[in-house]
1. Considering only helices (runs of 4 or more DSSP H) fully contained in the range 199-257, which possess at least 2 residues that are within 22 Å of L24 (Cβ to Cβ), at pLDDT 95 or above and not hydrophobic (A, V, I, L, M, F, W, C)?
2. Of all residues being outside any loop (DSSP other than H, G, I, E, B) and among the small types (G, A, S) in the range 113-157, which is modelled with the lowest pLDDT? Just the residue, please.
3. Suppose we filter the range 174-198 for residues that are under 20 Å from the mean Cα position of the chain (by Cα) and assigned to a loop (DSSP other than H, G, I, E, B); how many remain?
4. May I ask you to list the residues in the range 57-73 that are without any contact (Cβ under 8 Å) to a residue 60 or more places away in the chain and under 13 Å from the mean Cα position of the chain (by Cα)?
5. Could you grab the pairs with beta carbons closer than 9 Å, sequence gap of 6+ or different chains, first residue in the range 231-242 and of a type in the set (S, T, N, Q), second one part of a helix (DSSP H, G or I)?
6. Evaluate the range 258-272: report whether one residue or more is among the charged types (D, E, K, R) and either loosely packed, with under 13 Cβ neighbours inside 10 Å or at pLDDT below 95 (or both).
7. Only one of D94, D43 is under 23 Å from M171 (Cβ atoms) and in contact with a Gly (Cβ under 9 Å, 6 or more places away or on another chain). Can you tell me which?
8. Out of L39, L21, L31, which single residue is surrounded by 19 or more Cβ atoms within 10 Å (Cβ to Cβ) and not basic (K, R)?
Amino acid sequence: MSSCCAISEHWSRDGLAQAILDALVASGKDLHALTIDDLAPLDQFHGGGKGATARLARLARLGPGMRVLDVGGGLGGPARTLAVEFGCHVTAVDLTETYVRVAAMLTDRLGLADRVTHQVADALELSFADAAFDVVWTQNSGMNIADKQRLYGGFHRVLRRGGRLAIQEPMAGPVQPVIFPLMWARDASASFLDTPEHMRRLIEAAGFGASAWDDVTAETAGAATGAAAPAHSIQRIVMGAALDDIVRAGHENREGHRIVMVQAVFDRLLVADEPPHPPSGILR
């Protein structure tokens, strides 16, 4: 099985759309008057939830009219938040087809299809034109990808000159190895964590300059036990009974300094032999 298929299989779940709608109804939400805050427990499938999304958006100084590519957009929570609360136009891509279908359904229900679009795509095979975006955004997606040099090289290509890369990623802490299972991997065959120091050097080598680098491990820490996860959370819906072991391992990894969480923002720089292209004038 290819790595792409293995990743998609890990995340994909049958009946996910109906499970999310049922969870919304069970928690008292009106399906005909949903808001991004109503959806947050179900569509912000990453450490720190919607609060972490808003934090990263402020760190990256996102604003109205910015063209954002959300790589690993999942169920679309971050993309819709960037559209509603920051005025961005967002293209979200994800490898898992079931997530993209659910994301598009939820976006339609919120009446945001004119500002947020979703499509199936491999982060290592971005088909967009050069300099197509002002911002590349990614939250908790690179940990499944081994070829990070190619990943960040692709981000550099689709960003305009002076554009920004905004990331939130779990990274390898000073104590190793990590304890499995993790939310994104049952074992080491699907987990590709690198140290913060090496990650920063790798991203800068791809043609970026860091403007912000924050350790947000404490801010994004989840529950210490699976029992603390709400019954209608996306973590419980997707991971089911396996969530208990995942949460316990996650707590041990954080407390044992095996995994840290970083939010960072980079400016896209020109690289050798690259013809300049004019900035759009949106970022400042």
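1. none
2. Initially, the range 113-157 is screened for residues outside any loop (DSSP other than H, G, I, E, B), giving 116-120, 133-139, 142-144, 148-157.
Next cut, among the small types (G, A, S) only: 142, 153-154.
On the way: G142: 94, G153: 97, G154: 98.
Top of the filtered list is G142.
3. Looking only at that region, the number is 9.
4. Hit for the range 57-73 is G73, nothing else.
5. Every condition considered, the pairs that remain are S233/A23; S233/P41; S233/L42; S233/L243; Q235/G226; Q235/L243; Q235/I246; Q235/V247.
6. no
7. Working: D43 fails: under 23 Å from M171 (Cβ atoms).
Answer to the check: D94.
8. That would be L39, the only listed residue that is surrounded by 19 or more Cβ atoms within 10 Å (Cβ to Cβ) and not basic (K, R).
The values are calculated or read from the model by the stated rules, or taken from the named source; none is laboratory data. Just so you know, these numbers come straight off a predicted model, no measurement behind them. Positions of Cβ are generated from backbone atoms using ideal geometry, with glycine treated the same way; all protein chains shown enter the neighbour counts.
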